[in-house]
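Here is the structure we will look at.
The values are calculated or read from the model by the stated rules, or taken from the named source; none is laboratory data. Fair warning: this is a prediction, and the values are worked out from it, not measured in the lab. All Cβ positions, glycine included, derive from the backbone under ideal geometry; neighbour counts span all protein chains shown. Quick note on the areas: whole protein, heavy atoms, side chains included, nothing else; ligands and nucleic acids left out. Shrake-Rupley method; radii C 1.70, N 1.55, O 1.52, S 1.80 Å.
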Amino acid sequence: MKDTAEQVIDRSAKTVVSFFVASAGLWLLAAALLAYVAAAKLTDPFFLSSCEFLTYGKVKVAQANAFVYGWGGNSIFAATLWILARLSQVEVRGRVMLLFSGVLWNLAISFGLLGILDGHMNAHEMLEMPTVVWPVLFISYAIIAFLALVIHRSRKHNDTIAPQWFILASLIWFPALFLIAWNGLEINPARGTLPSVLSLWFGQSLIWLWLTPMALGAAYYIIPTILGRAIDKYYLAIFGFWCIAALAPWSVVHHLEGGPVPMWIPAIGTVMSIAMIFPIAVASTNFHATAFKDIDKVWNNLPLRFVIFGTISYTLSSYIGVIFSLPDVAKLTQFSIINEFHFNQRVYGFFSMIIFGVVYHMLPHITGKEISKGAKSFHFWTSAFGVLILLLAYLIGGLTHGVLAQQPSLDWSSSVISSVQPYFKITKYAFIILGFSQLVFVINVWKVIFPNPFACCLASSSERKGKTA
Amino acid sequence: MNNIFKFSFGILTTLAFAWLAFVVGANLQYGDLSPEAENLEDDDSREPDAELFPKDMPGLAKQGAEEYLALGCVSCHTQQVRLFTTKDSEGKSIVEGGMDVERGWGKRASMARDYVLQDHVMLGNTRIGPDLANFGMTEKDNDWLHRHLFEPQSLVPDSICPPSPFLYEVSDDPRDGSIAIPSHEDHGDERQKSRYVVPSIRANRIVAYLKALKQDYELPELPFVQAKEEKSDTNATETKGIPDWIRYPVPSSALEDLSSQMSAGKEVYTKIGPGGGGCVTCHQPTGLGLPIAFPPLAGSDWVKGDKERLIKISLFGLTGEIEVNGVKFNGAMPAPGIPLGSLTDQQIADVLTFVRNSWGNSASAVSPSEVSEVRASIKDRAPTQMWTAAELTSHSKPAQ
């Protein structure tokens, strides 16, 4: 029996994608552990307080980096390579180079995180890993991105579709953002608050222009593929795409409202954030109009359920984000833990949920093994529940924090922060739930990637037993 | 869209516009800011020998910035006092203090110029802890800072600022250059006894850095916010910048009373001489007292507990052995006020409200009528007859 073209492609992608998914899983667990430690430190400052390398500030930063570069980076590589290969109908090539760069990427992040914990943090948002690891990260990224572009260039059909735009844009934007930030922060550093503007812009754009388009592209691919129907109002997608491209790089700076920078910077940010409702509406129409035509299938197909959870969360929370960028509201909540809400809803409620769906859809194709439905379902419910609790706690806690912080007569520690304390406690429990959920995910994934990890050890040990007996 | 080069060109162009604005444009606009005199002449020139601000930090403080950075303090502390503007009746925008200034985090908003000499600008974006842009302007001394850095909870009991014991050498006995850490009850046995710490060089750097954080000069672009205007209109400032639809549900009159009692109380606490209580001379600005001589007010059950007992102490003073926060003291506190025992009911109510709600204490306010009630109940006592702790405990009600 001859293999279909799809099977050939899947086989070509197997090693590389499995490697990236497996390492993404490990980073996810590392990030979960760090998230728990950080949350626990907020409820009990004496928790592990004598370890210098686990002091709150370091753990917090290491967690964000492990999450974005470790989990985000690896899973982006996996999904990019497989989806592009499938859409271009060509095999993944340069596998050794891909694996090599993948190992390099992961090593660099490991060193970077150890560097942070060891006290060599950089002051720039999402560029906190020590300076030395960045060239390595950049080179390994460039190799992977180049090989992904090669796949795309050798595609069978010349016409491109929405998932390709978003995924390619994410692929190209990251190095561009990085070079801009690197130039402005390390090569030609400016003085005063200019680097702060740039690093804030980079940190926020990373999420808007790297993680977000990737997840949107994946959703544009997965929804029609699984449902077997075209995206509803597909002609809007191109408008949505260019809106994001044009607006997102501007919108992120509204976080500087009232700060020591020229006033036009946050003002532009606010206007552009409000304009972001257009691309959000487009994506939401595309996804949900399509999905709700066949809601039964969405419900019964777990990968799709994950993806739709992600897209709904994208829509809702992006609208919430728009509200929080209005100057009057921003003044209130700007420095509150609402920032954690924005970060977590984006990288967890939206990006990660979609990636979970992609992985569950992709792995059976690649490895030929099914993941048990019960385990996936358990992962879905714990994740959905955990994320919901986490986000609600940060949202309500953030509002409380923001509003109370604006009352000059309330004592900081005993009135303001102690009113937020209960929400810190809730987030701690939410991170425990999420940690379990992620553990289930990683076990699910590792089980199909390495079906018999102990096969060789078992074999050898039984052999030995046989001998002694 | 089909040609990858045209496509890349398109998506990179959109990015390039943002880069042009935020990097190139912003750099052109204010990349060359430099220290300036506090006031300029009409023609924007400065006097020849005018002092320029901001000033460079001392070397130790600069090293402290690196330590502060490495420990990730910026994830909880911002260093920016925000600028708030409103429109006046003619529609011109005017600068107002805003809640950051009212919280005492600075005398004016932070300006870009304030940061031009800093190697690491750490504006931050989350305020789990207070803003530190002007921390050097507070009267907290080095010892306070070391105690706070070593273990914030020893000063502010419910603080979640992370302790950094790894920056100190700890011992049970005082040594050369060691700092006493007040004992406190929560969190295990170890913290119930007094400890003494010797700061490492890194701790000294951080403290130097925190002390160097101050924007205590005016800039041509922004003078200090006038405190007087704010005072006349407390109710409005209380909620300034907060949209009407979202307010903290505390009746504003109650807040106003509390905050005016707090500020009047602070005055009584710190004022030495006629009309003041002078508590500060013995109990210290930190409320921690001094080892052996003066007991702490921070965390003391005598302060947070039964009001009657507390009012009695403030009317006639206290002597003999007393146990405060688990440590025994034996001294004498004459009836506060000059002449002795001359504080009015209002003043006593204010200062007690203040000590009950400072340094991490949090207890109900004391009203003048409560003071006059107690005063009436013990009117036969001679003004020089101090209480003893035993006397007070025997007929006090259980702590509230």
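Data table
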read-out	value
Residue check for B:VAL95: open to solvent by 30 Å² or more (accessible area, probe 1.4 Å) and modelled with pLDDT under 80	yes
Yes/no for B:ALA65 being under 27 Å from B:MET99 (Cα atoms), among the small types (Gly, Ala, Ser) and either in a helix (DSSP H, G or I) or away from chain A (no Cβ under 13 Å) (or both)	yes
Any hit, region A:321-342, residues being within 13 Å of the chain's Cα centre (by Cα) and within 22 Å of A:GLY258 (Cα to Cα)	yes
Helices (runs of 4 or more DSSP H) lying entirely in region A:184-272 (those with 3 or more residues that are among the hydrophobic types (A, V, I, L, M, F, W, C) and over 29 Å from A:ALA85 (Cβ atoms))	A:194-206, A:237-251
Yes/no for A:ILE295 being open to solvent by 20 Å² or more (accessible area, probe 1.4 Å), in contact with a His (Cβ under 9 Å, 6 or more places away or on another chain), closer than 30 Å to A:GLU370 by Cα and more than 14 Å from every other protein chain (Cβ to nearest Cβ)	no
Flag for B:GLU102 being within 9 Å of another protein chain (Cβ to nearest Cβ) and in contact with a Pro (Cβ under 9 Å, 6 or more places away or on another chain)	yes
Region A:132-160: number of residues that are part of a loop (DSSP other than H, G, I, E, B) and at pLDDT 90 or above	1
Residue check for B:MET1: buried (at least 16 other Cβ atoms within 10 Å of the Cβ), in contact with a helix residue (DSSP H, G or I) (Cβ under 9 Å, 6 or more places away or on another chain), part of a loop (DSSP other than H, G, I, E, B) and at the interface with another protein chain (Cβ under 7 Å from one of its Cβ atoms)	yes
Test for A:ILE172: is it more than 21 Å from the chain's Cα centre (by Cα) and assigned to a helix (DSSP H, G or I)	no
Cross-chain or 6+ apart pairs with Cβ under 8 Å, region A:9-30 first and more than 15 Å from A:ALA66 (Cβ to Cβ), then open to solvent by 10 Å² or more (accessible area, probe 1.4 Å) and acidic (Asp, Glu)	A:ILE9/A:GLU91; A:ARG11/A:ASP3; A:SER12/A:GLU91; A:ALA13/A:GLU91
A:ALA31, sole failed condition from (1) part of a helix (DSSP H, G or I); (2) within 14 Å of chain B (Cβ to nearest Cβ)	(2)
Check on B:ASP56, out of contact with any Pro (no Cβ under 6 Å at 6 or more places or on another chain), free of Cβ contacts under 8 Å to residues at least 12 places away in the same chain and under 25 Å from B:PHE224 (Cβ atoms)	no
Residues of region B:23-38 classified as part of a loop (DSSP other than H, G, I, E, B), facing chain A (nearest Cβ under 7 Å) and surrounded by fewer than 17 Cβ atoms within 10 Å (Cβ to Cβ), total	1
Any hit, region B:2-19, residues being within 29 Å of B:ASN142 (Cα to Cα) and at pLDDT below 85	no
Some residue of region A:131-144 being crowded, with 17+ Cβ neighbours inside 10 Å and either farther than 15 Å from A:PHE178 by Cβ or within 11 Å of another protein chain (Cβ to nearest Cβ) (or both)	no
Check on B:ALA208, open to solvent by 20 Å² or more (accessible area, probe 1.4 Å), modelled with pLDDT under 80 and aliphatic (A, V, I, L, M)	no
Flag for A:VAL307 being at pLDDT below 90 and open to solvent by less than 10 Å² (accessible area, probe 1.4 Å)	no
Residues (open to solvent by 60 Å² or more (accessible area, probe 1.4 Å), under 28 Å from B:VAL207 (Cβ atoms) and in a loop (DSSP other than H, G, I, E, B)) located in region B:39-61	B:GLU51, B:LYS55, B:ASP56, B:PRO58
Criterion: open to solvent by 60 Å² or more (accessible area, probe 1.4 Å) and within 11 Å of chain A (Cβ to nearest Cβ) - qualifying residue of B:LEU20, B:LEU83	B:LEU20
Scan of region A:59-105 for residues that are assigned to a helix (DSSP H, G or I), open to solvent by 10 Å² or more (accessible area, probe 1.4 Å) and more than 14 Å from every other protein chain (Cβ to nearest Cβ), ordered by number	A:PHE67, A:ARG86, A:ARG95, A:VAL96, A:MET97, A:LEU99, A:PHE100, A:VAL103, A:LEU104
Looking only at region A:393-452, and only at residues there that are outside any helix (DSSP H, G or I) and polar (S, T, N, Q), the one that is surrounded by the most Cβ atoms within 10 Å (Cβ to Cβ)	A:GLN406
For A:SER352: the one exception among (1) open to solvent by 10 Å² or more (accessible area, probe 1.4 Å); (2) of a type in the set (S, T, N, Q); (3) closer than 26 Å to A:LEU209 by Cβ	(1)
Residue in region A:40-56 that is farthest from the other protein chains (Cβ to nearest Cβ), counting only those that are assigned to a helix (DSSP H, G or I) and without any contact (Cβ under 8 Å) to a residue 24 or more places away in the chain	A:LYS41
B:PHE135 vs. criteria among the hydrophobic types (A, V, I, L, M, F, W, C), out of contact with any Ser or Thr (no Cβ under 7 Å at 6 or more places or on another chain) and more than 9 Å from chain A (Cβ to nearest Cβ)	yes
Elements of type helices (runs of 4 or more DSSP H) in region B:303-400, at least 1 residues being open to solvent by less than 40 Å² (accessible area, probe 1.4 Å) and hydroxyl-bearing (Ser, Thr, Tyr)	B:307-316, B:345-356
Failed item in (1) more than 9 Å from chain B (Cβ to nearest Cβ); (2) open to solvent by less than 10 Å² (accessible area, probe 1.4 Å), with A:THR193 passing the rest	(1)
